[in-house]
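Below: the structure, in structure tokens.
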Amino acid sequence: MILADSAQTAREWSADGIYGAARALYPTRHDLICIATAHDLSEIGEANRASADAVMLSPVYPTRTHPGAQALGRTRFRLLARHAQMPVIALGGMTSAGAASLDWPHWAAIDGLS
């Protein structure tokens, strides 16, 4: 289990790690998996500097949880992902069909409205 919370809360819950903005992860906790969130090149750079274990790059496709937000699309996602120094997890509007179209090894589908 990876929590969007503090390292202290993750330890209290016996979680495996935390995720959030790269600045919230620094300094990296070696006893927890640290996954940064990113939406642009600047945030990918922050994830690199924080030595995150992985980065969730979003939104790849339009999503119901952020109506009207501009999606990255396949091309921009790949351009940004190239700059990450860790595994990149595609997030945002992901379905099995979208994942197949993206042809990316790591993706997550989280439906926050169901």
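All of the numbers you see were taken from the coordinates with simple rules; none came from a lab. This is a predicted model, so every value here is computed, not measured. We place every Cβ from the backbone using ideal geometry, glycine too, and count neighbours over all the protein chains shown.
Tabulated results
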| read-out | value |
| --- | --- |
| Estimated vicinal HN-Hα couplings, Hz - the stretch 64-69 in sequence order (Karplus 6.51, -1.76, 1.60; Gly, Pro = x) | 5, 6, 9, x, x, 5 |
| Pairwise label distance in nanometres, Asp16 with Ala100, each label 7 Å out on the Cα-Cβ vector | 2.7 |
| MRE, 222 nm, helices only [DSSP H, n ≥ 4, -39500 (n - 2.57), over the chain, to nearest 500] | -7500 deg cm²/dmol |
| Contour minus Cα-Cα distance for Ala4 and Gln85 (0.36 nm per residue) | 27.0 nm |
| Long-range HN-HN contacts of Met56 with modeled amide H, under 5 Å | Ala36, Thr37, Ala38, Ile89 |
| For the chain, alpha-carbon Rg over 2.2 N^0.38 Å | 1.04 |
| Proximal charge balance of Leu3 [Cβ under 15 Å; K/R count +1, D/E count -1] | -3 |
| Cut-off 14 Å between beta-carbons: net charge of the residues surrounding Leu32, Lys and Arg +1, Asp and Glu -1 | -3 |
| The stretch 2-102 - charge dipole about Cα centre, Lys and Arg +1 at Cβ, Asp and Glu -1, debye rounded to 20 | 400 |
